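Everything on this sheet refers to the single structure shown next.
Where a number appears in this text, it was derived from the coordinates with a stated rule and is not lab data. Everything numeric in this text was worked out from a predicted model, so none of it was measured. Counting neighbours? That spans all protein chains shown, and the Cβs are built from the backbone with ideal geometry, glycine included.
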Amino acid sequence: MDRIEVAIAGAGLMGHGIALVFALKGHGVRITDNSGETLERLPGLMASALSTLREAGAVDPAWTPERLAAAVRVSPDLAETVRGADLVIEAITERPDLKAALFAELDRICPAETILASNTSYLDVFPLIPAGRQRRALVAHWYTPPYIVDLVDVVPGPETDPAVVERVRDLVLGLGQVPIVLKRFIPGYVANRIQSAISAEVYRLLDEGIATPREIDDAIIHGLSLRIPILGHLAKADFTGLPLLRHALANASYAPPPPATRCETLDSLCDSGRTGVMARQGFFDWGDRDPAELFRDRDLRLLALKRAMAEIGPLQGR
């Protein structure tokens, strides 16, 4: 696809990763945030991610931190950032009031032909977007980290022009990523909904003391995860045999938990300051390792898995 100008509003965890994805494919990238601290941290985050990609051989070595810094224009000014952009991606915090305010401002300063895309995970943003922008507005939702995880949800609103959906889908394909085009908006899309169902079960197992965090993750890593990259879920069912699944449903003696709204184990960890890798403790103790080192380690392992999966390939039916 031809080079386009992309503007990103929101330079946090997702925004800087999305900027990196577009920059590495040669698109013009500008990015802004209303937090000076976030903008100050941005170049280091992008350089660190680039360094990891270079170390894994996943990017052209010609991409240096200096070249990347020149390719991504950082500005504290929203109007300057979006001026002349073909695509504006909203990647701010998941608060309806803030998103509505941002879209109102984008409506005021962006030309009519600009495509507006939201990276929201769960919010229905379409009621927050001005009526005159609905035909050229949609969701384009990346996953963490965007420069490694290829899945992108492309979701139209009730009035989105199908040509706009097709253009964004083709753009994602041109990035070397995998777009999933949904027929309509549903909170969480596909992957996050499945993940939420897993989380509801995991939280119940934790709160009822059935298994430890390590045992639960071992069951996922050594059981579910070995087959999922090759078969997914429904192809795995075909190999199991559908009559067995039908009998299992008919004779079910177990009811899955309802959607989780609270987990006592999670509340206890958060209240005690065990908030995850950035605090060096969460469900697990991550020791004295610097969080940046842990993220690098995670990314290198994900990249190694991607290389192996590219060689192995999925087993898919038609």
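Structural remarks
- Overall, region 5-181 carries a charge dipole of about 180 debye about its Cα centre when +1 sits on the Cβ of Lys and Arg and -1 on the Cβ of Asp and Glu, all other atoms neutral.
- Our coupling estimate for region 11-17, obtained by passing each phi through the Karplus curve with A = 6.51, B = -1.76, C = 1.60 and θ = phi - 60°, is 10, x, 3, 7, x, 5, x Hz, Gly and Pro reported as x.
- Region 92-154 and region 244-270 have Cα centres spaced 32 Å apart.
- On full extension, the segment bounded by Thr275 and Ile221 gains 17.2 nm, given 0.36 nm per residue less the C-alpha separation.
- With a simple spin-label model that places each label point 7 Å from the Cα along the Cα-to-Cβ direction, the separation between Glu293 and Asp238 comes to 4.6 nm.
- Remark on the chain: hydrodynamic radius 21.7 angstrom, per the Kirkwood mean of 1/r across alpha carbon pairs.
- D by Stokes-Einstein for region 185-261, Kirkwood Rh over Cα pairs, 4 °C, 1.567 mPa s: 90 µm²/s.
- The convex hull around the C-alpha trace of region 177-318, projected and averaged over every direction, spans 11.7 square nanometres.
- Residues of region 182-197 with an amide N closer than 13 Å to a point placed 7 Å from the Cα of Leu249 along the Cα-to-Cβ direction: none.
- In this calculation the C-beta distance from Ala310 to Glu113 is compared with R0 = 35 Å, giving a FRET efficiency of 0.45.
- Bridges between two residues of the chain, per DSSP, are antiparallel at a rate of about 25%.
- Semi-axes of the equivalent ellipsoid for region 5-181, computed as √(5λ) from the eigenvalues of its C-alpha gyration tensor and ordered from largest down, come to 25, 18, 14 Å.
- Cβ-Cβ FRET estimate between Val149 and Trp286, R0 fixed at 25 Å, reported to 0.05: 0.75
- Listed by chain and number, the aspartates and glutamates whose C-alpha is less than 17 Å from the C-alpha of Lys306, apart from same-chain residues fewer than 8 away, are Glu55, Asp60, Asp150, Asp297.
- Gaussian network model of the chain, Cα within-10 Å springs - most flexible of Lys25, Lys236, Lys306: Lys236
- Length gained when the stretch Ala47-Lys183 is fully extended (0.36 nm per residue, less Cα-Cα span): 45.3 nm
- Cα shape, region 17-70, gyration tensor, a/c 1.5 rule: prolate
- For region 275-318 and region 8-27, distance of Cα centres in Å: 20 Å
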